[in-house]
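Right, one structure below, let's go through it.
The values are calculated or read from the model by the stated rules, or taken from the named source; none is laboratory data. On a predicted model such as this, the values are computed, not experimentally measured, just so you know. Here Cβ is always computed from backbone atoms with ideal geometry, including for glycine, and neighbour counts include all displayed protein chains. Side chains included, ligands, DNA and RNA excluded: accessible areas come from the protein's heavy atoms. Shrake-Rupley method; radii C 1.70, N 1.55, O 1.52, S 1.80 Å.
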Amino acid sequence: MKNMTLEHIAAVCGGTYIGNEADKKREIKGAVIDSRLVEKDYLFIPVRGEKVDGHSFIPSVFEKGALAVFSEEKLENPAGPYILVENTLDAMKKIAADYRRGLDIKVVGITGSVGKTSTKEMIASVLAQKYNVLKTEGNLNNEIGLPLTIFKIREEHQVAVLEMGISEFGEMDRLSTMANPDICVITNIGLCHLENLITRDGILKAKTESFAHLTPDGIAVLNGDDDKLCDKKVVNGKPAVFYGIEKAAKVAETEEGTKTLAEKTVYATNVEAVDLTGTKAAIHYPSKETGGEVTMEVTIPIAGEHNVYNALAAVSVARELGLTCDEMKRGIESVQTIGGRSNLIHKNGITIIDDCYNANPVSMKASIDVLSNAPGRKIAVLGDMGELGAEEKQLHYMVGEHFAGKGIDALYCVGTLSQEIAKAVRTCSSKTEVHHYEDKADLIKDLVKEVQSGDTVLVKASHFMGFPEIVKELTK
């Protein structure tokens, strides 16, 4: 890792280096918190958890060839050098921020209430057509995962696409201090993490903490069809790049009344669903070279209008980083889904829409819309959505109201809050067969008996509901 000598690391994090003087000038080759991932000349960062204290693995990591370790306590006869710090996690964040600022690389930071991961995948797929890209893997988007991702950046990487997820005020400030993005993408301001952020205005305030940490020439890429983001026309003295469906500013009914949304720089027309196999659209954007408008016909290989927004965000970023139209199109049309997020599984004659990684009202409605376009019998398996605060019951009921008009044949749901979804569907639709369960095992037992060849089944709930178990049973 460039310039990351033990002497420099100790200075950056305010720690005390203890060990051989000759080792102070040596650079670490990586940094991890999992002792199983330690390789030769790595820095091991022990973390104190509820059940396990990482400090107990210090002897074993030296045996694996670790160059040094952090420690919150003085070590007796360690097998190698260590840096004594007050808090290992705080020290890790400080060195991640320092390491990022020493890199000659473009960083794209992505946040938003819904669609962060799928937008990250789309942007990375497009940028990879021109650049060597490192992207956030899995769910490493928090105050532990982000620095670990930054530590993986090497000199051969030209762009890093970093996902940033938050649930409280101040968290985005800490994340974007580390990421220091050149481009900040915000997908939307939706109803999630309301327990701490309370309102959509609170969510907006928390997400836009990232603006203060953009690089001097950094820009914001924002969803212009979002009634909260559309007001952020200038960020740090530079015009925001807005994207959305149709170029013209829309008039929308919002919580505050009628509002005019943003005119878009990058926009889509002729959006058309292709069953569950994808979505067609024409994407328009102004050429950086000529100033004239470029029109690009694409087929996004993932269903749902929300994936058109992901593609628009990717084009907005790619345009700033100098990609050609052909490169953009190739990247959009080669993007792949990942497990638990709108992932199509064909098994035993049925089609499963595996979207069970997480859920909130916006993403739940979007997935219901995707299911409504499926051929054959349509079955939704839905569960509770978490972290919605005082209005959680009402928000579940609103999802049920949305569901009721979509022509879906059957609803299977489980969980205390999902009773509100079931209640709304029973009230608003006489055509949908509704089943609610207190126990997931009972739901699975009945569902497996009911599902037959030709059916399409959507599986979606918040992560804590454990819905991958349902997908597993359906694919046996």
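Worth pointing out:
- The chain: calculated mean residue ellipticity at 222 nm from DSSP helix runs of at least 4, using -39500 (n - 2.57): -9000 deg cm²/dmol
- Between the range 423-460 and the range 9-57, the alpha-carbon center distance in angstrom: 50
- Carbon plus sulfur fraction of accessible area for the range 6-86, probe 1.4 Å, in percent: 48
- Solvent-accessible area of THR254, all protein chains in place: 30 Å² (probe radius 1.4 Å, heavy atoms, ligands and nucleic acids excluded).
- Remark on VAL185: its backbone amide H falls under 5 Å from those of GLY109, ILE110, THR111, VAL221, a criterion applied only to residues 5 or more positions apart or on other chains, H modelled at 1.01 Å from N.
- Mean Cβ count within 10 Å, highest first, over the residues of peptides 377-384, 360-367: 377-384, 360-367
- Between helix 418-428 and the chain: long-axis angle, C-alpha atoms, 0 to 90°, nearest 10: 20
- Taking amide H as placed 1.01 Å from N in the peptide plane, the amide H of ASN373 sits under 5 Å from none that are at least 5 places away or on another chain.
- Against the chain, whose longest principal axis comes from its Cα atoms, helix 440-450 is set at around 50 degrees.
- A 1.4 Å probe run over the range 305-444, with the rest of the protein chains in place, finds 39 Å² accessible per residue.
- In order along the range 32-48, the Karplus-derived 3J(HN,Hα) couplings, from 6.51 cos²θ - 1.76 cosθ + 1.60 at θ = phi - 60°, round to 9, 10, 9, 4, 6, 9, 5, 10, 4, 6, 8, 9, 9, 10, x, 10, 7 Hz, and Gly and Pro are given as x.
- Whole-percent carbon and sulfur share, accessible surface of the range 103-334, 1.4 Å: 47
- Computed FRET value (nearest 0.05) for GLU86 with ASP326, which takes r as the C-beta separation and R₀ as 56 Å: 0.60
- Accessible carbon and sulfur surface of the range 343-475 relative to its total accessible area, %, 1.4 Å: 46
- Sequence-separation-based contact order of the range 103-334, relative, with Cα cut under 8 Å and 6+ spacing, percent: 20
- DSSP-defined beta bridges in the chain - what % are antiparallel, rounded to 5: 40
- Nearest 10 degrees, 0 to 90: helix 88-101 Cα axis against the chain principal axis: 90
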